[in-house]
Amino acid sequence: MDISHLTQILLPAHNLRVIYLGVCSLGIAAGMLGCFLLFRKRSLLSDTVGHATLPGVAGGFLLSALLYPGEGKNIFILMLGALVFGWLSVQVVQWMMRHTRLRQDAALAVSLTGFYALGVVLLSVIQKSGLPDSSGLEYYLYGMVASMVQTEAWILCGTAVAATLLTTLLLKELNALCFDEGYAQTQGLPHRWLDETLMTLCLIVAIVGLQTVGLLLIMALFIIPPATARLWTNSLKKTLAISALVGALGSLIGALVSSEVEHMPAGAAIILATSLLFFLSLLIGRRKGLLSRHLEYYAIERRLAENQYLRAVFDGLEAQQQVRLFCGLKFSRKLAMTDFLIRDTLAKRNWTTTKQSAITRSLLKQGLLTLTGTESAALTDKGLNRAIETAKTHRLTEMYLLEHAEVAQKNVHQYVERIEEITTPEIANDLRDLFEERLQQELIPQEPHEVK
Amino acid sequence: MTWELLDTWIVATAAMVAVACVLPGCFLYLSRQSMMSHGIAHAVLPGIVIGHLCTGQVETPALFIGAIVAGVICALLTRFLQNHSGVEEGAALGISFTFLFAVGLAMQRLLADDVHIEPSHVLMGNLETAVFNILFTDDLAPEAFWRASVASVINLLFIVIFFKELTFSTFDPNHADTVEARPRLMYYGLMTISALTCVVAFEAVGSILVVAMMILPPAIASFFTKRLKPLIVLSLAFALLSTLIGHLLSISLFGDIAQLLFRLPRSTSTNTAGGITLVLCAFLGLGILWKSISTRLQNHTS
């Protein structure tokens, strides 16, 4: 690809610029409105609406051939048809869910296939009637970016602006509607009206975008960007912003690819680009991404293992010297100087040698341990403090479980390991207050159960 | 309207497809996974295209294997996204099947852009062309008919053999787990036969109307009965009845209506698969009406 080609892509001619603007607006509008569909657990409704526009498109084509014979397809009649049938399909779904025994999934499937079948019948009429200019109808199925005319691009822009304005102005109301419908009703919000407005906006965006993305895949623009945003944040405002961004970026990349690669259907290219962003976010997303969750899990594992290590060292020292720690700091020098054999200390933990050496190395790096020989090590002052803290927390928690949660002696060890992750030093201090009388002089209580 | 040999085969093939679809469809409907059939019907496309690319032919087992694998991948991906991306089931399904469908569509257009798997054929289906070759060959029956029959037999066998397990896992997956009825395995088994059915059915009725064949008959039957076995039998009856009526209307009434409505030059026959679905929708309307009348009568007498 030479430079002039690149500039051609980056600085397109005016009509192309308008198209890209329109595609971006489509992504933004669909991304923002899709968030509310996702929150209301109605994502698949957009699927039904998309498919249900087929009879509108086909019927509109036949109607325009009837009204204006010989002038080819009238795009506004087609869109009006699509709008009518899209709206009808939503009404049918809602009516069925309210008044019949059909559940949401079945109502969606029934409405989708019913309207689509009507469309198929009308299409077969078109095919056999021999009306001219019926070839362009295929764009409505698979999408075609280049077929976008300026008017459509401006309509898309307008809807994007309207969607942004509406969501900003009605953020609080929509929030209540999505997350607590009952509350919204008690607050006297015009909840039916809000719902209808939201659905109407979705419908308009879907129908204007129909020719660009195609009626089979338009719904993905309402589903994938919000789902991507959910992987990054919990806040509603940020979700909306990220979703709009993902929608715009995916649509733009898809439109570029489909105009560069021959035969590439625009709908498929846009959805693939958006899916790519989704799967990337699934990997590295901050909130629920697989990678961040693994790292978090790994960090917790590591900290627990370190604590267990230090506790084992502490137990060993305590047993060896037969000391009762009345005041940890007094003995700290002496204890800290005593070295221990790594292998013996960790004998009770069924750790692999790799894990042993990994944790040892991590502790050495943090300056909690010092090596005194090839097989032995000693705690530093800092290490001792942390070991004392850990042992204290651990034993207090065990005492609590034994006396207040009525956990049996033999089980207490596995219980405490399960909640170890959440027992912080602050909780340990609270627990200490609980057992204050008994622990008057001891800084660290004894191991409350027998050590095997 | 004239009834020819071709019409007989169209109805016979449609009936076989209907039987194949209704059997897994009942369980999908009852376990509230109706849209799953829609997802799988879309998701098989990349499998079909890859199968086609590998062998260069249209009618090979590779196509079926590819489609089944793609269908099961769709189900697996949906489960995975549901568990790991924090979105609800519907959205997870929407993501996974649109992604797979877009992959299939792009591959088809870029790599296999020939007449053999025209996507509009996949989406619309055409019973008329599916059975057309019977006129020129000495075969006993059209190939589409045989394939649908085989799929019906496989589905029937699966459901008869695992009837108890399927029932358990459809109505109470947690209980099924405790009595070792393998709800997971049943779920994926159901997805496998659904994918198989989708491939068999797509050339006849199109991948979107497969959903109609799967979900509408049990939905209609659920207005008349609450028991599983009668539901399956009733669904089959409705499906078979609607294939006959649907085709009859398609070659007569629908074309006339279209001619009147849009002032077309002449009356034509319309797409049979679409006609069958419209008849099924009419049955559904009757079902709803029947239910509301019978409840009103009951309230009246009591």
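Under the Karplus relation 6.51 cos²θ - 1.76 cosθ + 1.60, θ = phi - 60°, what is the ordered set of whole-Hz ³J(HN,Hα) values for region A:286-296, x standing for Gly and Pro?
After applying 6.51 cos²θ - 1.76 cosθ + 1.60, I find 6, 7, 10, x, 4, 5, 5, 5, 5, 4, 4 Hz.
So what's the convex hull volume per residue for the Cα atoms of region A:27-186, in Å³?
Each residue corresponds to 134 Å³ of Cα convex hull volume.
Residue by residue, what Karplus-based ³J(HN,Hα) values in Hz, rounded to whole numbers, does region B:294-300 have, using 6.51, -1.76 and 1.60 with θ = phi - 60° and x for Gly and Pro?
In residue order, the calculated couplings are 5, 5, 5, 5, 4, 4, 5 Hz.
Which entries in A:Lys172/A:Lys237; A:Lys348/A:Lys382; A:Lys237/A:Lys288 show an alpha-carbon gap greater than 20 Å?
Too far apart for the 20 Å limit: A:Lys348/A:Lys382.
In deg cm²/dmol and to the nearest 500, what is the mean residue ellipticity at 222 nm of the protein assembly as shown if only DSSP H runs of at least 4 residues count, each as -39500 (n - 2.57), divided by the residue total?
Only helices count here, giving -25000 deg cm²/dmol.
If the viscosity is 1.306 mPa s and the temperature 10 °C, what translational diffusion coefficient in µm²/s does Stokes-Einstein give for chain B when Rh comes from Kirkwood over Cα pairs?
Answer, rounded: 79 µm²/s.
What's the local net charge at B:Thr178, with K and R +1, D and E -1, over the other residues with C-beta under 14 Å away?
Around B:Thr178, the surrounding residues sum to -2.
Under the Karplus relation 6.51 cos²θ - 1.76 cosθ + 1.60, θ = phi - 60°, what is the ordered set of whole-Hz ³J(HN,Hα) values for region A:258-270, x standing for Gly and Pro?
Per residue, the Karplus-derived 3J(HN,Hα) values read 5, 7, 8, 8, 5, 6, 6, x, 4, x, 4, 5, 5 Hz.
So for the protein assembly as shown, what percent of the C-alpha to C-alpha distances run longer than 54 Å?
Considering the protein assembly as shown, 26 percent of its Cα-Cα pairs are separated by more than 54 Å.
How compact and how long is region A:338-438, expressed as Rg and Dmax of its alpha-carbon atoms in Å?
That works out to 15.8, 45 Å for Rg and Dmax.
Would you compute, for the Cα atoms of region B:167-251, the largest minus smallest coordinate along each principal axis and list the three values in descending order, in whole Å?
The Cα atoms of region B:167-251 stretch 53, 30, 14 Å along their principal axes.
Return the inverse of the average 1/r over all pairs of distinct C-alpha atoms in region A:13-287, which is the Kirkwood hydrodynamic radius, in Å to one decimal.
Over region A:13-287, the inverse of the mean reciprocal pair distance is 19.0 Å.
In nanometres, what is the gap between the two model label sites at B:Leu260 and A:Tyr183, each 7 Å from Cα along Cα-to-Cβ?
5.6 nm
Readers should treat all values here as calculations from the given coordinates under stated rules, not as data from a laboratory. Keep in mind the model is a prediction, meaning the values are calculated, not measured. Note that we place each Cβ from the backbone using ideal geometry, even for glycine, and neighbour counts take in every protein chain shown.
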